[in-house]
Amino acid sequence: QVQPVESGGGLVRSGASLRLSCAASGGTFRRYAMGWFRQAPGKEREFVAVISRYNGNIHYGDSVRGRFTISRDNAKNTVWLQMNNLRPEDTAVYYCAASTSLYATIASAYNSWGQGTQVTVSS
């Protein structure tokens with residue numbers, strides 16, 4: 001199965017943009033739906049976005065819809081999360097995950113997870 005590795009986190013000011021990358025190795029990337037989740041201190045892991053195996057279905061969490069964009073390139077085994085107009089409440093560790101489901105918005109549907117990348121947004 002694929003093993004995701006995230007990169008691109010950092011410290012930015014409110015209103016800024018960041019692009020997270022997730023490179024997956026060890027499996028057939030195109031067979032996996034890829035999702036992004038985040039977890040802030042003291043809070044549960046939250047669904048951010050998912051892109052299905054062949055880009056046919058994309059879904060966002062309510063708190064990021066209209067600001068974040070997920071995309072993938074199966075030839076590069078990579079999925080990205082473009083985050084615009086960041087807010088302090090977007091501060092969290094962001095995780096990339098792979099699911100053998102066609103399309104999933106719940107964490108339990110994901111088979112493998114990256115280690116996470118920290119995103120901090122200052123006001």
Within the stretch 53-71, tally of residues that are surrounded by 14 or more Cβ atoms within 10 Å (Cβ to Cβ), modelled with pLDDT of 95 or more and of a type in the set (Lys, Arg): 1
Near pairs, Cβ below 9 angstrom, 6+ apart or cross-chain, from the stretch 74-87 (within 12 Å of VAL2 (Cα to Cα) and assigned to a loop (DSSP other than H, G, I, E, B)) to any residue that is of a type in the set (S, T, N, Q) and open to solvent by 20 Å² or more (accessible area, probe 1.4 Å): ASN77/SER25
Subset tally (residues that are hydroxyl-bearing (Ser, Thr, Tyr) and more than 11 Å from ASN85 (Cα to Cα)) for the stretch 12-29: 3
Selected residue (criterion: farthest from GLY42 (Cα to Cα)) from residues of the stretch 84-121 that are open to solvent by less than 40 Å² (accessible area, probe 1.4 Å) and in contact with a helix residue (DSSP H, G or I) (Cβ under 7 Å, 6 or more places away or on another chain): SER99
Residue tally, condition charged (D, E, K, R) and either within 15 Å of THR117 (Cα to Cα) or buried (at least 18 other Cβ atoms within 10 Å of the Cβ) (or both), over the stretch 72-83: 1
Selection within the stretch 2-42 - in contact with a helix residue (DSSP H, G or I) (Cβ under 8 Å, 6 or more places away or on another chain) and either assigned to a strand (DSSP E or B) or open to solvent by 60 Å² or more (accessible area, probe 1.4 Å) (or both): SER14, PHE37, ARG38
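The values are calculated or read from the model by the stated rules, or taken from the named source; none is laboratory data. Not measured: the values here are computed from a predicted model. Cβ: placed from backbone, ideal geometry, glycine included. Neighbour counts: every protein chain shown. Ligands, DNA and RNA are stripped out before the accessible areas are found, and what is left, the full protein with its side chains, is counted by its heavy atoms. Shrake-Rupley method; radii C 1.70, N 1.55, O 1.52, S 1.80 Å.
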